[in-house]
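Heads up, the thing below is written out as structure tokens.
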Amino acid sequence: MRIRSLLMAGVAALSLSTATLAKDTGLLFVSSEKDNAVYVLDGSTYAVVKTIPTAARPRHLQFDPARERIFVACGRGNAIDIIDVASLALVDRIDGIDDPELFDFSKDGRTLFISLEDDSALGILDLDQHFAGRTGVPDLATAAPEPEEADADDADEREEEDEDGDGDGPDIAGLTTIETGKEPEGVLAGPDGNTVYVASEVANIVHVIDVADRQIRANVVAGNRPRRFALTPDGGQLWVTNELNASATVIDTATNKVLRTITFPAPTGLRSEDVTPVGIILSKDGKTAVVALGRANHIAFVDTGTGEIEDYVLVGKRAWNMTFNRSESLLFVANGLSDDITIVDTANRKAVRSVPIGRVPHTVLIDD
């Protein structure tokens, strides 16, 4: 019996090891701006299975194209941290980037496009050059959580404070920059491999950038304070959220002309100024856009063909960023001011669960 027990224990340990190394685990990853950590949640129970400390103020999260690592923009830490998905550990860091906002990968995963808000520039980081050319391995020291007494409602005020950098520009191996309008935030690499879209919050412009020529190919006037992007699956339309005039702009990518502007009326009981669209995601078939309405505490389902707003769904406070699971049966919404994520049944378009997580959650990813 003892030998059998030992054998069974060995099999269990091997199974656990294999599961740890497997991809498509169903795990959720949530960045917490004030806890200076990325939380890992079980995809079935939504219990926290691990907390991964990071540099200060982790916000935007994104898988690399191979989905083996998660890159984390740490604004106050002036770094992009790198988490290994298999080991659930912080394994590397791109150091010295002044308050990175958002970023995107080239299709081959060898280039990182970063909005450098303080420098009013798009950073183009050749990852091969960077890792080969940097001096030594950066210190992976992490930041302690912010004090509990700090008010969660100061997130937007801290964001404004962090916009006032020295503007001297980074000196990082493999990094070149292209000047943009003030306060670039949203960044999206186009499917052709040579186009990157950048939203300038202050200029109210979407820059269409030619990567090969390192030049702005077109400037498209959007709404007031454009924030985030989504492309239709055919690459024909670029959707842009406009935070300060409760709208989304739809751009024809072939002509760089505005096709339409969709305005979001305030949900019942709220004021128009509460509607602050930021996060946006499109379904795989391109027929539905979901827009997070910020302080209106709702998400909107939009028919991309007609521009009709089909449904509003009540979620948490300051709905900011979202992700689907693989089947698109569930949508996970990060709510920055209620410190939770809302899980939405997309077939019925109803919130089915709220999961408390961290303080000022910013981005949610799912490994499936």
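The values are calculated or read from the model by the stated rules, or taken from the named source; none is laboratory data. Everything numeric in this text was worked out from a predicted model, so none of it was measured. Methodologically, a virtual Cβ is constructed for each residue, glycine included, from the backbone with ideal geometry; neighbour enumeration extends over all protein chains shown. Note: areas computed on protein heavy atoms with side chains; ligands, DNA, RNA excluded. Shrake-Rupley method; radii C 1.70, N 1.55, O 1.52, S 1.80 Å.
For the stretch 59-70, just list the computed ³J(HN,Hα) in residue order, Karplus coefficients 6.51, -1.76 and 1.60, θ = phi - 60°, integers in Hz, with x standing in for Gly and Pro.
Those phi angles translate into 10, 5, 10, 7, 5, 6, x, 7, 6, 9, 9, 10 Hz.
Going by amide H atoms built from the backbone, whose H comes under 5 Å of the H on Ala55, apart from near neighbours?
Ala143
Which shape class, rounded, prolate or oblate, goes with the stretch 59-149 when its Cα gyration tensor gives a ≥ b ≥ c as root eigenvalues, a/c under 1.5 marks rounded, and past that a/b bigger than b/c marks prolate?
Rounded, because the longest to shortest axis ratio a/c is under 1.5.
For the chain, what is the mean residue ellipticity at 222 nm derived from helices alone (per DSSP H run of n ≥ 4: -39500 (n - 2.57); sum divided by total residues; nearest 500 deg cm²/dmol)?
-3000 deg cm²/dmol
Mind checking which of Gly269, Gly193, Gly316 has the largest fluctuation in a GNM of the chain, springs on alpha carbons under 10 Å?
Gly269
Considering amide H positions built from the backbone, and no H for Pro or chain starts, which residues 5 or more places from Glu101, or on another chain, come under 5 Å of its amide H?
HN-HN under 5 Å from Glu101: Ser115, Glu117.
Can you tell me the alpha carbon radius of gyration of the stretch 213-368 divided by the globular rule-of-thumb value 2.2 N^0.38 Å?
1.01
Please build a GNM for the chain, connecting alpha carbons under 10 Å apart, and tell me which residue among Pro53, Pro226, Pro147 fluctuates the most.
Answer for the Gaussian network model of the chain: Pro147.
Taking amide H atoms as placed 1.01 Å from N in the peptide plane, list the residues 5 or more away in sequence, or in a different chain, whose amide H sits under 5 Å from that of Gln62.
Under 5 Å from the amide H of Gln62 lie the amide H atoms of Phe71, each far enough along the sequence or on another chain.
Taking only protein heavy atoms into account and a 1.4 Å probe, give the accessible area per residue of the stretch 229-324 in Å².
In whole numbers, the stretch 229-324 has 40 Å² accessible per residue.
Using the Karplus curve 6.51 cos²θ - 1.76 cosθ + 1.60 with θ = phi - 60°, work out ³J(HN,Hα) for each residue of the stretch 231-245 in order, rounded to whole Hz, and write x for Gly and Pro.
Calculated HN-Hα couplings, in order: 9, 5, x, 7, x, x, 10, 10, 9, 10, 7, 10, 5, 9, 9 Hz.
Considering only protein heavy atoms and a probe of 1.4 Å, how much of the accessible area of the chain is carbon and sulfur, as a whole percent?
Carbon and sulfur together cover 50 percent of it.
Can you pull the three principal axis extents for the Cα set of the chain, in Å, largest first?
Principal axes ranked by extent give 74, 52, 45 Å for the Cα atoms.
Under 26 Å Cα to Cα from Lys50, which lysines show up? Leave out anything in the same chain fewer than 8 places away.
The qualifying lysines are Lys23, Lys34, Lys317.
Report relative contact order for the stretch 231-359 in percent, whole number only (criteria: Cα-Cα under 8 Å, sequence separation at least 6).
Relative contact order for the stretch 231-359 comes out at 14 percent.
Can you give the Rg/Rh ratio of the stretch 237-302, where Rg is from the C-alpha atoms and Rh is the Kirkwood radius? Before the final figure, lay out the partial values.
On the way: Rg = 12.0 Å, Rh = 12.1 Å.
When Rh is taken as the Kirkwood radius, the ratio is 0.99.
Tell me the relative contact order for the chain as a rounded percent, counting alpha carbon contacts under 8 Å between residues six or more apart.
Values: 980 pairs, mean separation 44.1, N = 368.
That works out to 12 percent.
Could you compute the net charge surrounding Thr253? Neighbours are other residues with a C-beta less than 12 Å from the C-beta of Thr253; K and R count +1, D and E count -1.
Its environment carries a net charge of -1.
Between Asn348, Asn224, Asn256, which gets the highest mean-square fluctuation from a Gaussian network model of the chain, Cα cutoff 10 Å?
Ranking Asn348, Asn224, Asn256 by mean-square fluctuation puts Asn348 first.
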